[in-house]
Amino acid sequence: MDATSPTPVATYGRDPKIAHSVHEKLLPDYEVVHACFDIDSALSELPAICAGELETTPSSGVGANSTEAEASKRRAPVAIFFGGAGIPEDEFERITAAVRERAPGVHFVRVQKRDVLAAGSFGPNPDVIAKIYRKKMAALAAKA
């Protein structure tokens, strides 16, 4: 990845419409390369793609890797963004544990309803959600 390429990330959430809007708002700094919307696909696909198994394509059809036919040109995410009020804690824990086992260096960034409310929005606002992800990623980078 060169300095001008967006940082590749994966997402896990419940609402494809909100996810698509957030994906657009993350550019040009972050590019969603893989997206999952259910626990089964997340447990199957996210550990593999994060571990560099680039032949893993998103079953959701969402993400830059879904449109890249050549596996060698696909990118492994360096972080997984979790979003939405409907993600139970046990799903977050199961996914993070599965990914950590295969790709221990991946970061996990979670935006919850309370984060959005604290930022002054009363609903799932893609602009606000993208800003929160950026802020949390900047905090992770500052710790590194």
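The values are calculated or read from the model by the stated rules, or taken from the named source; none is laboratory data. Nothing here was measured: the structure is a model prediction, and the numbers come from that model. With ideal geometry, Cβ positions are generated from the backbone for all residues, glycine too; neighbour counts draw on all protein chains shown.
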Of the residues that sit in the range 1-46 and are part of a strand (DSSP E or B) and among the β-branched types (Val, Ile, Thr), which one is surrounded by the fewest Cβ atoms within 10 Å (Cβ to Cβ)? THR7
Flagged in the range 129-144 as at pLDDT 90 or above and in contact with a strand residue (DSSP E or B) (Cβ under 9 Å, 6 or more places away or on another chain), in numbering order, are ILE129, ALA130, ILE132, TYR133, ARG134, LYS136, MET137
Looking only at the range 58-74, count how many residues are free of Cβ contacts under 8 Å to residues at least 40 places away in the same chain and within 22 Å of ASP15 (Cβ to Cβ). 6
Cβ contacts < 6 Å: first residue over 13 Å from ASN65 (Cβ atoms), restricted to the range 21-47; second residue part of a helix (DSSP H, G or I) and hydrophobic (A, V, I, L, M, F, W, C), any location; separation 6+ or different chain. Result? VAL22/ILE129; VAL22/ALA130; LYS25/ALA130; LEU26/ALA130; ALA42/ILE95; LEU43/ALA98; PRO47/ALA98; PRO47/VAL99
Boolean, ILE132 is closer than 12 Å to VAL9 by Cβ, in contact with a helix residue (DSSP H, G or I) (Cβ under 7 Å, 6 or more places away or on another chain) and surrounded by 11 or more Cβ atoms within 10 Å (Cβ to Cβ): no
Can you pull out the residues in the range 100-124 that are under 21 Å from ALA139 (Cα atoms) and outside any loop (DSSP other than H, G, I, E, B)? ARG100, HIS107, PHE108, VAL109, ARG110, VAL111, LYS113, ARG114, ASP115, VAL116, LEU117, ALA118
Any chance VAL128 is within 20 Å of THR7 (Cα to Cα) and touching a residue at least 24 places away in the same chain (Cβ under 8 Å): no
With (1) within 20 Å of ALA138 (Cβ to Cβ); (2) surrounded by 14 or more Cβ atoms within 10 Å (Cβ to Cβ) as the list, and ALA51 as the residue in question, which single condition is left unmet? (1)
Out of all the residues in the range 53-110, which are within 16 Å of PHE37 (Cβ to Cβ), in contact with a helix residue (DSSP H, G or I) (Cβ under 6 Å, 6 or more places away or on another chain) and of a type in the set (D, E, K, R)? GLU91
Scanning the range 75-123 residue by residue, those under 15 Å from ALA10 (Cα atoms), small (Gly, Ala, Ser) and more than 14 Å from the chain's Cα centre (by Cα) turn out to be ALA98, ALA103, GLY105
Cβ-Cβ distance below 6 Å, separation of 6 or more or different chains: which pairs start in the range 85-102 with a residue that is basic (Lys, Arg) and end on one that is surrounded by 10 or more Cβ atoms within 10 Å (Cβ to Cβ) and at pLDDT 95 or above? ARG102/PRO47; ARG102/ALA51
